[in-house]
């Protein structure tokens, strides 16, 4: 069994013993991270905090890159495999959100406490364990990324993967052919090995506008936009491969008795199939053109999100090994699809999964909460997964 082999390693035994004693430290670290605001594209304060944390913990190499990712590097004896773990630091909440963490029995509650502050804290404590066993069997790169949520559009993960060969960790450079990604996000029991691709567009219609009485008959941007939305709503998409669309925001006009000169919408399109995502976008484009023609309007399109699809093959030894290890440890991991930092490496053919190591409630709501009793079992599970990669058991 994988777990029986791993428990013989000093790193694993010492790490498990440490985690038995660190609950209050873990909670304190989660609280400190959570209470520093980090809306997507405004993560500067949290970047500074995490840089200081990695340095104060004694990580061998700490680097902040051009977009604000905070990277901790741990040297290894054998660079035939380099383990990369990404955990995003940004949240969906505006800068002025009350981020005070409340401890209510078994719940740690605050906006962003689980997604993804707890995962970043988990990463930092894993790094603390790695410190006692340097050099590791294989190098490890811990990356707290910016811009994972919403219109952040995986900015941090994309930058890291685009510039893998440019990073210099005290003379060590990454080889793209040797990377294996174990990213941290979400809840225990889920292994995200399939990336849901998405295209997000801001479409602005433009009309002649004017007075609703005196200029009746002039083209209206709102009428153009509405005609387009009605057409989009009639698009048929497959259940398999799962493909979806949604108009999430509409704006336009300035008074009830004015013909609108401008009106816009934000459109989200998703699919686990890159081919179907492209087909859906082509159909939307045809609908926009027809709506403009019918209503005498024009339109402009701005791409505000572009997340590629990808998939780790089900027969992958990496994936099957993680499933086997999870079952050995008493979990029932399920393989699923999602939109995470793993989208970028998966789209490039690199082995990658995203896993969570805690339980939570009310994600992306101000009532978000984290179950305290899931933290220590979760981080022990995380240690075993990383150790399985470190000791070549996957």
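Quick notes
- Output for the range 324-346, where each listed residue is in contact with a helix residue (DSSP H, G or I) (Cβ under 8 Å, 6 or more places away or on another chain) and part of a helix (DSSP H, G or I): 324, 325, 326, 328, 343, 344, 345
- Residue in the range 55-69 that is over 16 Å from residue 127 (Cα atoms), surrounded by fewer than 17 Cβ atoms within 10 Å (Cβ to Cβ), in contact with a strand residue (DSSP E or B) (Cβ under 8 Å, 6 or more places away or on another chain) and without any contact (Cβ under 8 Å) to a residue 24 or more places away in the chain present: yes
- Residues within the range 214-225 that are closer than 14 Å to residue 204 by Cα and either free of Cβ contacts under 8 Å to residues at least 24 places away in the same chain or touching a strand residue (DSSP E or B) at 6+ places or on another chain (Cβ under 7 Å) (or both), tallied: 5
- Output for the range 12-54, where each listed residue is more than 22 Å from the chain's Cα centre (by Cα) and crowded, with 20+ Cβ neighbours inside 10 Å: 12, 15, 19
To keep it simple, each residue is scored yes or no on (1) in the same structural domain as residue 37 (by TED's automatic domain parsing); (2) at pLDDT 95 or above; (3) surrounded by fewer than 22 Cβ atoms within 10 Å (Cβ to Cβ).
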| residue | (1), (2), (3) |
| --- | --- |
| 276 | no, yes, yes |
| 286 | no, yes, yes |
| 300 | no, yes, yes |
| 315 | yes, yes, yes |
| 320 | yes, yes, yes |
| 353 | yes, yes, no |
| 358 | yes, yes, no |
| 383 | yes, yes, no |
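- Residues located in the range 170-196, provided they are assigned to a loop (DSSP other than H, G, I, E, B) and either surrounded by fewer than 21 Cβ atoms within 10 Å (Cβ to Cβ) or within 21 Å of the chain's Cα centre (by Cα) (or both): 170, 171, 173, 175, 185, 186, 187, 188, 189, 196
- Members of the range 123-143 that are more than 17 Å from residue 81 (Cα to Cα) and in contact with a strand residue (DSSP E or B) (Cβ under 6 Å, 6 or more places away or on another chain): 123, 127
- The set of residues from the range 101-125 being surrounded by fewer than 24 Cβ atoms within 10 Å (Cβ to Cβ), in contact with a helix residue (DSSP H, G or I) (Cβ under 8 Å, 6 or more places away or on another chain) and not in a loop (DSSP other than H, G, I, E, B) comprises 103, 107, 124, 125.
The values are calculated or read from the model by the stated rules, or taken from the named source; none is laboratory data. As the structure is a computational prediction, the values presented were derived from the model and not from experiment. Cβ: placed from backbone, ideal geometry, glycine included. Neighbour counts: every protein chain shown.
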